[in-house]
Amino acid sequence: MPLLEVKNLHTNYLTRRGVVQAVYDVSFSLKRGRTLGIVGEAGSGKTTSVLSILQLLDKNGRIDSGEIWFDGEEITKMDQEQMRQIRGNDISFIFQGLPMSLNPVFTVEEQVCEPFLVHQNMSKAEAENKVTEMLSLVNIADPESVKKLYPHQLSEGMRQRIMIAMAFACEPKLLIADEPTSSLDVTIQAQILTLIKDLKSQANTSILLTTPDIGVIHEMADDVLVMNNGFAVEEAPVEIVFGDDGVFSHPYTEELLKLPGLDAPAGACFRMGYASSLHRNRLHAGCVFTSRCQYATDRCREVEPEWTEVEKNHRVRCFYPRKGVRSNGR
Ligand SMILES: Nc1ncnc2c1ncn2[C@@H]1O[C@H](COP(=O)(O)OP(=O)(O)O)[C@@H](O)[C@H]1O
Ligand code: SF4
Ligand SMILES: [Mg+2]
């Protein structure tokens, strides 16, 4: 049984201009001990997918239909209190722009202590020792002094490390990291990704990570889900997507793979970000990628493609999957 299974998720936002179908019929599963990366440019529906799992959608957002199974339980049916328990213990999360989420009026120690006191019933002394241990684990030198500091006294990289320490503190079964490095400069990004990988292997946590950067997927993920405009368009183990010539893939994945910089350090790739303004709802027929796809035919404009299993464990939502020439693309 996978740790997390999302089935036919539809999530909408109600806006003054109508309903935005931000996530449309998305399904994926995350196996225990693995890292699943969701990749797609801004507006693809990555954040909406993870917020649906966590039940932390904005007020105007709601899950319209679908099921989300976590560790054998259907969690969309749970009430807020049950979800709060799960979020504090079994699932933790770090978000884009995460250094902002540290509270400026509390010291590092006060903040990092909290999950131990609240969720693990530790005494104050035990929790304080645990904080020192966690800070050392995320490679902070002199944790005894650092824990007495306030967030504004720390560098951005340190704040990031502390957020990660907090996310791993309760030894969660699942860590959700929504663009964990997008706001950071390239050197710090690489360090943070390495840190997440190290902690994952020690804690045996499964990770769901989102990124607009296929280089980060290459670096971090075991499996990948490619999203575009609210749709999942391709799902496969990473070694297939980055594999040899002749692998079939979705034209959008090909586009991502051909972006310059895949050999550069993760995070250094060019990022795309022009899709959010195109966001639609599904009133029109056809493939979601039609307007940008150089292979589109009348069929694509008229009929929504179903999933095609191009090989074992590898599916693509396209009528005409592309036989990629990987070596030229990189
Ligand atoms: N609170 C909201 N109200 C209305 N639309 C939203 C809201 N949050 C996100 N959206 C829209 O939903 C779509 C998917 O957004 P998002 O899930 O943030 O994508 P990503 O994380 O991949 O950039 C976008 O078109 C975005 O504008
Ligand atoms: S179904 Fe057609 S438009 Fe859509 S990605 Fe495939 S070739 Fe392009
Ligand atoms: Mg996002």
Under 15 Å between alpha carbons, and skipping anything fewer than 8 positions from K130 in its own chain: which aspartates and glutamates qualify?
E109, E110, E114, D142, E144, E171
For the stretch 212-259: accessible area per residue (Å², 1.4 Å):
25 Å²
Report the charge-dipole magnitude of the chain in Debye, nearest 20, computed about the Cα centre from +1 at each Lys and Arg Cβ and -1 at each Asp and Glu Cβ.
740 debye
Pop out the ³J(HN,Hα) list for the stretch 243-254 in order, Karplus 6.51 cos²θ - 1.76 cosθ + 1.60 with θ = phi - 60°, rounded to Hz; leave Gly and Pro as x.
x, 6, 4, x, 7, 6, 8, 6, x, 5, 5, 4
What FRET efficiency would be calculated for the residue pair R299, E67, taking the C-beta separation as r and a Förster radius of 25 Å, to the nearest 0.05?
0.20
What is the distance in Å between the Cα centroid of the stretch 94-156 and that of the stretch 186-264?
29 Å
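Assuming a viscosity of 1.567 mPa s and a temperature of 4 °C, what translational diffusion coefficient in µm² per second does Stokes-Einstein assign to the stretch 1-155, Rh being the Kirkwood radius over Cα pairs?
On the way: Rh = 18.0 Å.
Estimated via Stokes-Einstein, D reaches 72 µm²/s.
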Out of G72, I94, S49, whose Cα points farthest toward the positive end of the dipole of the stretch 1-130 (charges: +1 Lys, Arg; -1 Asp, Glu; placed on Cβ)?
S49
Antiparallel bridge percentage (DSSP; both residues within the stretch 92-245; nearest 5):
45 percent
The set of residues whose placed amide H lies less than 5 Å from the amide H of V233, leaving out same-chain residues fewer than 5 positions away, is V226, M227, N228
Whole-Hz Karplus ³J(HN,Hα) for the stretch 213-220, in order, using 6.51 cos²θ - 1.76 cosθ + 1.60 and θ = phi - 60°, x for Gly and Pro?
10, 5, x, 5, 4, 4, 6, 10
Express in nm, to one decimal, how much length is gained between E156 and M122 on full extension, taking 0.36 nm for each residue of separation and deducting their alpha carbon distance.
9.3 nm
Find out how many positive minus negative residues lie around N139, taking Lys and Arg as positive, Asp and Glu as negative, among other residues whose Cβ is under 12 Å from that of N139.
-1
For the stretch 8-155, what does the accessible surface come to per residue with a 1.4 Å probe? Please give it in Å².
50 Å²
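Where the accessible area of the chain is counted over protein heavy atoms with a 1.4 Å probe, how much of it, in %, is carbon and sulfur?
50 percent
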Would you mind finding the longest exposed-site-free stretch of the chain, with exposed chymotrypsin sites (Phe, Trp or Tyr not before Pro) meaning DSSP loop and at most 13 other Cβ atoms within 10 Å?
1-269
Computed about the Cα centre, the charge dipole of the stretch 129-239 from +1 Lys/Arg and -1 Asp/Glu charges at the Cβ has a magnitude in debye, to the nearest 20, of 600 debye
Along the positive direction of the dipole of the chain (beta-carbon charges: Lys, Arg +1; Asp, Glu -1; about the Cα centre), which of L208, M158, N60 reaches farthest?
N60
Please build a GNM for the chain, connecting alpha carbons under 10 Å apart, and tell me which residue among R84, R161, R16 fluctuates the most.
R16
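The values are calculated or read from the model by the stated rules, or taken from the named source; none is laboratory data. Treat the numbers as computed from the prediction; the structure is a model and nothing was measured. All Cβ positions, even for glycine, are placed from backbone atoms using ideal geometry, and neighbour counts span all protein chains on display. Quick note on the areas: whole protein, heavy atoms, side chains included, nothing else; ligands and nucleic acids left out. Shrake-Rupley method; radii C 1.70, N 1.55, O 1.52, S 1.80 Å.
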